[in-house]
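Reviewing the structure listed below.
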Amino acid sequence: MKRILILGGGFGGVYTAGRLEKLLSPDEASICLVNRENYFVYQPMLPEVISGSIGLTDVVSPIRRLCPRTQLIMREVENIDLQNRTVTVSPGFRPRRLELPYDYLVIALGGVTSFYGMPGMLEHSLPFRTLSDAIVLRNRIIHCLEEADVETDVELRRKLVTFVVSGGGFSGVEVIAEVNDFVRAVARHYPRIPREEIRCVLLHSRERILQEMDEGLALFAQKILAARGVELHLGDRLVAATSEKAILKSGAEILSKTIVSTVPSAMPPVLEKLDCAKEKGRLLVNEQLALQGHEGQVWAVGDCAFIKTVSGTQAPPTAQHATREAETVAANIHAEIRGGGRTAFAFEGLGKLGALGHNCAIAEVFGIKISGLPAWLLWRAIYLMKLPGLNTKIRVAADWLIALLLPPDLAQLSLARMSGFHEQHFTPGETVFHEGDLGDFVYVIQVGECDVLRTIDGQEQKLAELKAGDYFGEMAVLSDASRNATVRARTAMNVLLIPKRDFDKLKANVPAFGEVFSALARQRSGQ
Ligand SMILES: Cc1cc2nc3c(=O)[nH]c(=O)nc-3n(C[C@H](O)[C@H](O)[C@H](O)COP(=O)(O)OP(=O)(O)OC[C@H]3O[C@@H](n4cnc5c(N)ncnc54)[C@H](O)[C@@H]3O)c2cc1C
């Protein structure tokens, strides 16, 4: 019996598995699918999770239900060995190596948001691809609103209620439209936030958003977004971020505590290291979607593949293409096993749909252009029809009905408390903390330098200069007191933050760790 291994449980992977289940009998081939999660995410509806107009888990479907005959392995793909035809996946509860041999391999691992060469983006901007990204963003927005309602420092309050989304493609536009609708709809519950301080900003590098759409429809989308209060910054793009601001290519800065990035996209690291033909940072496949040099054994579909249709146009990274690519690959694996002609990928796209929030959308279907409410109804009808699984369809339809009748839900989902070690990036001149602040973190400098400053007789005086490898912030944390100095970055600086809670745990359990910081604190306080 042949072994078919599918990597990735998104549009490409799940639709390949589903199609193969129909084409092949169980005694002809075993089908195994590896995915990080045990569910399939319907990404086109993900932005609606932000406002809660779709329930947090209603936008996903369990893969076991969608592909009942496929063996699901919920692990991380760590290595692909094309020569020996094996795939290594991450260890489970018991840390053992698991190697999966295959006769036929389908790679459908999608893309990741890449922050390469963009300082501070990894630490301070939020990607938007997965269910957890959507939940994290929703929680962040609610947290910022809660904080802004009690914040008396006007500058900080403005940062808290400024939401920046980078990327004017479909996902960026849909995300900013949802964020804007949500924030403005719930603002009345936060009476101490002046409405005029709320800002939702969309950044896009070109002169108009939605380049892939007809110009008239894209301009209509811009007009609608602007009328609803979204600020459009066109012809500029995000190049760096700190915990306080978005830094643009033009040098402009937008003070904000919430920066979402929907661009650029790259292959997952496990594919970056794969030794095979690539084009524009994706796996290069032929017309039958077989990986170059591995024809008849390995295929790639979806966002991770560089695909040209028979007409020579490049297939865009969309769900409608990924599902058609899955059909082509399933047909070609079927032909390998049973014999017969190979199929070339020939789908050119049916149209494009983009939601603008609040009962409005734009659509270009079979060459017909529609906008406003009719496009929104079409958008909902098509996506409801396309949603896999009857259960999910019913849940989403019910969510939409409830969202039409009731105001958006404001509850923040409190997730389990985990270790809060994280990293931050600071630009030169940026303050890490102020004298008088409470001691909430201990800092370790990874890259860069900073000054330790104290105000004496109204004058700021430099106490010390710190560099990579130095620690600071321990005195206030150890003594539960306020900061006795201000720390300001002198150069671009990356730091590792150890929250007080984690620091205290480490100190209690690893005495040598605590002693390093206690000795440093004694030395700094001159004892
Ligand atoms: C917000 C948003 C809105 C969108 N809207 C639309 C739209 O309206 N219309 C449209 O046609 N397209 C839309 N798209 C694009 C569409 O969702 C993608 O083109 C499609 O999901 C690509 O399918 P895929 O199978 O290649 O990747 P994905 O669907 O991303 O699936 C990849 C899978 O691989 C898994 N994976 C990745 N790496 C590993 C690993 N190392 N180990 C284990 N598992 C791994 C991931 O967890 C994921 O489940 C949207 C995308 C986004 C993000």
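The values are calculated or read from the model by the stated rules, or taken from the named source; none is laboratory data. All of these numbers come straight from a predicted model, not from anything done at the bench. Ideal geometry is used to build each Cβ from the backbone, glycine not excepted, and the neighbour counts take in all protein chains shown.
Structure above, values below:
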quantity: Residue list for segment 103-130, restricted to those being in contact (Cβ under 8 Å) with a residue 60 or more places away in the chain, part of a loop (DSSP other than H, G, I, E, B) and more than 15 Å from the ligand (Cβ to nearest atom); calculated: Asp103, Phe115, Tyr116, Met118, Pro119, Gly120
quantity: Among residues of segment 473-527, those that are of a type outside the set (S, T, N, Q), touching a residue at least 40 places away in the same chain (Cβ under 8 Å) and not in a helix (DSSP H, G or I), counted; calculated: 16
quantity: Some residue of segment 220-232 being surrounded by fewer than 22 Cβ atoms within 10 Å (Cβ to Cβ), touching an Asp or Glu at 6+ places or on another chain (Cβ under 7 Å) and under 27 Å from Thr318 (Cβ atoms); calculated: no
quantity: Search result, residues across segment 197-216 that are more than 24 Å from the chain's Cα centre (by Cα) and either modelled with pLDDT under 95 or not in a helix (DSSP H, G or I) (or both); calculated: Glu207, Asp214, Glu215, Gly216
quantity: Boolean, Glu435 is over 22 Å from Met118 (Cβ atoms), outside any helix (DSSP H, G or I) and without any contact (Cβ under 8 Å) to a residue 40 or more places away in the chain; calculated: no
quantity: Selection status of Ile4, under 30 Å from Pro95 (Cβ atoms), more than 10 Å from the ligand (Cβ to nearest atom), over 19 Å from the mean Cα position of the chain (by Cα) and not small (Gly, Ala, Ser); calculated: yes
quantity: Output for segment 277-308, where each listed residue is surrounded by 15 or more Cβ atoms within 10 Å (Cβ to Cβ), within 16 Å of the ligand (Cβ to nearest atom) and assigned to a loop (DSSP other than H, G, I, E, B); calculated: Gly281, Leu289, Val301, Ile307
quantity: Conditions (1) in contact (Cβ under 8 Å) with a residue 60 or more places away in the chain; (2) within 15 Å of the ligand (Cβ to nearest atom): number failed by Arg36; calculated: (1)
quantity: Any hit, segment 317-338, residues being closer than 28 Å to Ser205 by Cα, modelled with pLDDT under 95 and either of a type in the set (S, T, N, Q) or away from the ligand (no atom under 12 Å from the Cβ) (or both); calculated: yes
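Conditions tested, residue by residue: (1) touching a helix residue (DSSP H, G or I) at 6+ places or on another chain (Cβ under 9 Å); (2) modelled with pLDDT under 90; (3) loosely packed, with under 15 Cβ neighbours inside 10 Å; (4) aromatic (Phe, Trp, Tyr).
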site	(1), (2), (3), (4)
Thr343	yes, no, no, no
Phe347	yes, no, no, yes
Leu350	yes, yes, yes, no
Leu353	yes, no, no, no
Ala363	yes, no, no, no
Lys369	yes, no, no, no
Trp376	no, no, no, yes
Tyr383	yes, no, no, yes
Arg395	no, no, no, no
